[in-house]
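Encoded as structure tokens, the structure appears first; notes follow it.
The values are calculated or read from the model by the stated rules, or taken from the named source; none is laboratory data. Predicted model only: the values in this text are computed from it and were never measured. Cβ atoms come from the backbone with ideal geometry, glycine included; neighbour counts cover every protein chain shown. Accessible surface areas use protein heavy atoms only, side chains included; no ligands, DNA or RNA. Shrake-Rupley method; radii C 1.70, N 1.55, O 1.52, S 1.80 Å.
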Amino acid sequence: MNIYNRTVALEELPSGSRARIVEIIGRGGWIYRLYQMGLTPGVIVDVVLNIGRGPVIIRVMGVEIAIGRGIARRIIVEPINT
Amino acid sequence: MSRSTHKKEYEIAIIGQPNVGKSTLFNILTGRKAHVANWPGVTVEVHEGETYFNGNKIRLVDLPGIYGFSTLSLEERIARNYILSGRPDAVIVLVDSLNPERTMYLAIQALEMTGKVVIGFTKSDAAHAHGIHINYDLISKRLGVPVVPVSAATLRGIRSLLRSAIDVARGRAGRKKPFRIDYGELEPYVSSIESLLKQYEERLEYPIRWMALRLLEGDDDLYKYVRGVCGEDIAEEIARIREEVKKIFRRDPAELLAKKRFEYLQRILGDAIVRLEIKKGRFERFTRLFYRPFVGPVLSLTILLGMFMIAFTINTGFPLNILLDSLGMHDAASAIEEYSIGGLMEKLFSWISSWIINSFGESWLTDLVANGIISGVGSVLIFLPLIMIVSLFLAILEDSGIAPRMAVSLHGPLSKIGVSGHAIFPMTMSLGCNVPAILATRAIPSRSERLRLLMTLPFIPCQARLVVILAFASSLVSGYGALLVVLGYSAAFLAFAVVNKILYTYEKRKTGGKEPEIVLELPPIHRPLGKVLWWHVWDNSKHFLKKAGTIIFSLSILIWFLVNVSPGIALTDNPGESIAAVISHYLSPIVYPIGIEPGKAWIIAFALLIGFIAKEAVVETLTILTGTSSAQQALILLGLTASQLAALTVFVVLYVPCIATIAVIYSESRSVRHTLATIALMLGIAYVAMLITYGLSLII
């Protein structure tokens, strides 16, 4: 359906953008915490703030979450044009 | 009064995700008559409280805030095992009315384990203000359990929540069986595992379907349990099914199941929740500042520093007195010192001491009471206001939602020493007391980071050590006193940073280690509730008073005897002949290198030895040993030089904080080696730092 078939890491999205999660790469404890917080493929996230360094602030299901860049690099998303 | 036919005792658990307002509600439900329960096998802070409702006695168990029931953290494991144990007659799951879609995730998972659930929607008063309208009846009908809106601010729904919980406990409401979520294309795999487990149904302690789901998700704990009960073959078969799901869907089954649950929640909540508008918080612009590079960390550190400055000034006059003094306003400076809370309390205690001696005459008993107990306990008790003020500030930061923003802002600088922003909570708590700080490290998801923090957090000076630093500072000219406080804290944070950095670098080299990471929820900024703040303050004060009343009280008596009784069990007026002198004679050489003469060295050595048990006791030991009423007089009597005081301050700050901290490091790490290593590390670093400080101060 989506004509923009490009995916990027969450880390690369600018403030104010919106995207759908495609995949979360990796293993370990972090990933379960992300699932529990509602970050699963298909879910839409809003980037509240991404200043290029430090944690990325996103909003998922109405809740703001700070995500370290290392993890944000492993969350693959598909930008949605708003 | 109550009808005896209804009289029964029920055990009801309360669970909820972090930030849903669980602790607040628990405190309201129990009317603050709660206590920390000791649970067998684990030292975890589980609060239990009691309440009566319609003639029923209800024992409420407040479980730690968790996001789900994986075995990701100790807290999740504890909550899960407790609910599955069958002990609770009902489980109240709290859901945040402002974020129902996310926070319901825990409720739906609880429902998969047991049908005896009541769902409470917290902050229901605020939901309307945020334009959120929830059809509770519809949700209740769909899930088959009671759903009750509650508010801690207006107390709405509290009685109704308890009534529903009792109804569930009696089997009048709630589900007979756990809730079944339709997992769609995953169902065939779930039911394959279910049928494998079915053959062992009598021997398995947990609900079959729940086990099947958790096994598919890759729960290692449960897998080992099943292998033990059902044997290797069944376990292998289950592992094979899991692999098959992975291969076919090319996804981690845990991810697939989490996704399904959220989708299912969406179906249940979708038309039951109406959002009219999303109102932006007033503080939005302010909170953004925390996320800016440079500005954020500076802002956070300023807040923390400012907090401590205000607290110190109210309590001891420091550092305002020094500021005024240096401006030439000597009268104002000494007035602030004299009429600070600490100054007034010190006056009170020395007045009581002299009143006792004057009224009852001089005898060994009045000496024990006046110079042993009252001056011992008093020298510690004067810091109660300080503890109350600091607790209040920390509670404000936490309850308003500022604390997690500070964690985000400091994540960058902290990650340079291998510590994530999560560590800011235990670090700040350490400034109050190391024990709860070490417990707070459980929320840190990285195990290696946590172990490093267990070793290094005790370097951060708690209020007990602050008591000692301030006491030492009081014997110096005011300008130098302030410098001593700065020195103490700088040495502590320097040791914390350097040791963390070394451990982190070593770990990185050995295992290739990862960068510290952060995943942290940022709840909306809001004005803290007055009663919640008071609870925090009272909890900390109670803890401190209890310690002053028990440990410090007994130590005061013990020290008095060790100091006033000779090895031949006879009263002596000369502390030099006392048991304490004999014991510490052997330890004295440790302070020779900083130029303390043997005649006085034993007093210092004995104080340091007692400080091992509780650091405040260093001050009371010195006052009792020298027969003075304040630390200031004691130190003047000992005639220590500024260099020696500086060196001793550094040692006191860095060496093992207290017995309780050591105990909790052991219970958290479950490793004798780790605990002993921590003690050795602290003693070694403290000693070396003491020598360096002495050496440097002589050069300067």
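Inclusion of residue A:7 among residues that are in contact with an Asp or Glu (Cβ under 8 Å, 6 or more places away or on another chain) and either within 11 Å of another protein chain (Cβ to nearest Cβ) or closer than 25 Å to residue B:106 by Cβ (or both) is not warranted. Being in a loop (DSSP other than H, G, I, E, B) and over 12 Å from the mean Cα position of the chain (by Cα) is the filter here, so list the residues in region A:17-36 that pass it. Across region A:17-36, the qualifying residues are A:26, A:27, A:28.
With the structure loaded, tell me whether residue B:531 is basic (Lys, Arg), crowded, with 18+ Cβ neighbours inside 10 Å and in the same structural domain as residue B:465 (by TED's automatic domain parsing) or whether it fails that test. No, not satisfied. When region A:38-82 is limited to residues that are of a type in the set (D, E, K, R), part of a strand (DSSP E or B) and under 20 Å from residue B:290 (Cα atoms), the one that is farthest from the other protein chains (Cβ to nearest Cβ) turns out to be A:46.
In the set (1) surrounded by 20 or more Cβ atoms within 10 Å (Cβ to Cβ); (2) touching a Leu at 6+ places or on another chain (Cβ under 9 Å), residue B:341 fails one condition alone, (1). Within region B:684-700, the set of residues being open to solvent by 60 Å² or more (accessible area, probe 1.4 Å) and under 20 Å from residue B:458 (Cβ atoms) comprises B:687, B:688, B:692. Of the residues contained in region A:15-24, none is found to be in contact with a helix residue (DSSP H, G or I) (Cβ under 8 Å, 6 or more places away or on another chain), open to solvent by 20 Å² or more (accessible area, probe 1.4 Å) and free of Cβ contacts under 8 Å to residues at least 40 places away in the same chain.
When residue B:691 is tested against the conditions (1) within 19 Å of residue B:441 (Cβ to Cβ); (2) in contact with a helix residue (DSSP H, G or I) (Cβ under 7 Å, 6 or more places away or on another chain); (3) not basic (Lys, Arg), the lone failure is (1). Residues in region A:30-53 that are surrounded by 24 or more Cβ atoms within 10 Å (Cβ to Cβ) and at positive phi: A:38 only. Taken over region B:386-408, the residue count meeting the criterion of being in contact with a helix residue (DSSP H, G or I) (Cβ under 9 Å, 6 or more places away or on another chain), open to solvent by less than 20 Å² (accessible area, probe 1.4 Å) and part of a helix (DSSP H, G or I) is 12. Of the residues B:204, B:215, the single one that is within 33 Å of the chain's Cα centre (by Cα) and not small (Gly, Ala, Ser) is B:215. In region B:558-580, which residues are open to solvent by less than 50 Å² (accessible area, probe 1.4 Å) and either part of a helix (DSSP H, G or I) or not assigned by TED's automatic domain parsing to the domain that holds residue B:464 (or both)? Of everything in region B:558-580, those that are open to solvent by less than 50 Å² (accessible area, probe 1.4 Å) and either part of a helix (DSSP H, G or I) or not assigned by TED's automatic domain parsing to the domain that holds residue B:464 (or both) turn out to be B:559, B:560, B:562, B:563, B:564, B:575, B:576, B:579, B:580. The numbered conditions (1) away from chain A (no Cβ under 14 Å); (2) in contact with a helix residue (DSSP H, G or I) (Cβ under 6 Å, 6 or more places away or on another chain); (3) farther than 30 Å from residue B:388 by Cβ are all true for residue B:555 except (3). Candidates in region B:137-148 are the residues that are open to solvent by 20 Å² or more (accessible area, probe 1.4 Å) and in contact (Cβ under 8 Å) with a residue 40 or more places away in the chain; of these, the one that is farthest from residue B:273 (Cα to Cα) is B:142.
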